[in-house]
Amino acid sequence: MKITKFFMIGALFLTPAIAFAGEVKQWTLKECIDYAIKNNIKIQTGILSVASTKEDVKEASASLFPSLSFSTTHQAGYQPFLSGDKSQTDKGSYAGDYGLNATWTAQVQDRSAIGCQVQTLIIYT
């Protein structure tokens, strides 16, 4: 009885191993090389390094163009006032600020920077 139990438990554990053993796949040389290239950390690091360098070139090219910023602020107000003779006077006010800022920096051959900055601020009250 004990031996039968032992064989049944052993057969229960060995059955999945035997089932999976039949599914072994033979790899071709090309599949092995493709797998190695796909999962090689040094190759993946090199690919990311090339992508990072391309982004650095784009950033450097973009710095050749001027930067331009515009800002505006508006404020409107209304307040009724009582004058000395107890009559009501309406007062309204408006204020607007407009700003334009342009900056351009060029690199010359000796790596010194030539910069130009233009700033305009217009205030309406």
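General remarks:
- Computed label-point distance, nm, for sites Thr103 and Lys58 using a 7 Å Cα→Cβ extension: 2.2 nm
- Accessible area per residue (1.4 Å probe, heavy atoms of protein chains only) ranks Ile41, Ile33 as Ile41, Ile33, with the largest value leading.
- Exposure of Leu68 as accessible area (Å², to 10), given a probe of 1.4 Å and all protein chains: 130 Å²
The values are calculated or read from the model by the stated rules, or taken from the named source; none is laboratory data. This structure is a prediction, so every number in the text was calculated from the model and none was measured. Note that we place each Cβ from the backbone using ideal geometry, even for glycine, and neighbour counts take in every protein chain shown. Side chains included, ligands, DNA and RNA excluded: accessible areas come from the protein's heavy atoms. Shrake-Rupley method; radii C 1.70, N 1.55, O 1.52, S 1.80 Å.
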